[in-house]
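Taking it in order: structure first as C-alpha cells, then the write-up.
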Amino acid sequence: MIELFFVTCLLSEPESCQDHSLLFEEQNGLFTCMLLGQNELARWVETHPRERVREWKCRRAGEAGRKT
C-alpha cells in the first residue's frame, strides 16, 4: 500500500500538529498518490476548516512518521 502522509496544525495553535494518512492501492500507487494527493488534501481541508496542512508526501505505508 502507498500512503499520502500529511501533517496538519490548528490555525489557532500552530504548534499543535497531528499526523494523518490516506491509503492508495499499490497498483500505480506512488504515481496515483502524486497525481491525486493534492485533491485529496483539498477535500480533507474543506471538512477540517480549523486546520491547515503543514507538509505532505507520498510513501510506502508504514514508514516512520514526520521528522522533527
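Restricting to segment 1-16, count the residues that are touching a Gly at 6+ places or on another chain (Cβ under 7 Å) and either within 15 Å of residue 45 (Cα to Cα) or at pLDDT 95 or above (or both). Of the residues in segment 1-16, 1 are touching a Gly at 6+ places or on another chain (Cβ under 7 Å) and either within 15 Å of residue 45 (Cα to Cα) or at pLDDT 95 or above (or both).
Of the residues making up segment 1-16, those that are of a type outside the set (S, T, N, Q) and either within 17 Å of residue 63 (Cα to Cα) or touching a residue at least 40 places away in the same chain (Cβ under 8 Å) (or both) are 1, 2, 3, 4, 5, 6, 7, 9, 10, 11.
Could you list, in sequence order, all residues of segment 46-68 that are surrounded by 13 or more Cβ atoms within 10 Å (Cβ to Cβ), modelled with pLDDT of 90 or more and outside any strand (DSSP E or B)? Passing the criteria: only 48. Considering segment 17-45, the residues that are closer than 15 Å to residue 63 by Cα and of a type in the set (Asp, Glu) include one that is modelled with the highest pLDDT, namely 19.
The values are calculated or read from the model by the stated rules, or taken from the named source; none is laboratory data. Remember, it's a predicted structure, so these values are computed and weren't measured experimentally. Here the Cβ is made from the backbone with ideal geometry for all residues, glycine too, and neighbour counts use every protein chain on show.
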